[in-house]
């Protein structure tokens, strides 16, 4: 769960979201997804990570240089996680 909460906090710091509902929607999920995942201590799903990675790349074009770098780094972190999961068959 650490990665999911970390990504949530970074998105909030960048001003991409302000609520858990918005974060859930940014991940392509229903509005209660993040709070439910957090309370159940579930990791971010591969599909949600992919959705979020793509959206972070899209937002990067509209952000300041510093924020754009942070968004791209977050996107890369998510893609590494997805790739690692694919390699282990999760």
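Structure notes:
- Within the listed set 23, 34, 59, the residue fluctuating most in the Gaussian network model of the chain (springs between alpha-carbon atoms under 10 angstrom) is 59.
- 222 nm mean residue ellipticity, helices alone, for the chain (DSSP H n ≥ 4; -39,500 (n - 2.57); rounded to 500): -23000 deg cm²/dmol
- Volume per residue for the stretch 30-79 equals 87 cubic angstrom (convex hull of Cα atoms).
- Residue order for 11, 65, 27, fewest other beta carbons within 10 angstrom first, comes to 65, 11, 27.
- q = 0.17, 0.25, 0.26 Å⁻¹: log10 I(q)/I(0) that the Debye formula gives for the chain, counting C-alpha atoms only: -0.66, -1.35, -1.43
Read-outs: derived from the displayed coordinates by stated rules, not from any lab. Predicted model, so just to flag it, every value in this text is computed and none were measured. Methodologically, a virtual Cβ is constructed for each residue, glycine included, from the backbone with ideal geometry; neighbour enumeration extends over all protein chains shown.
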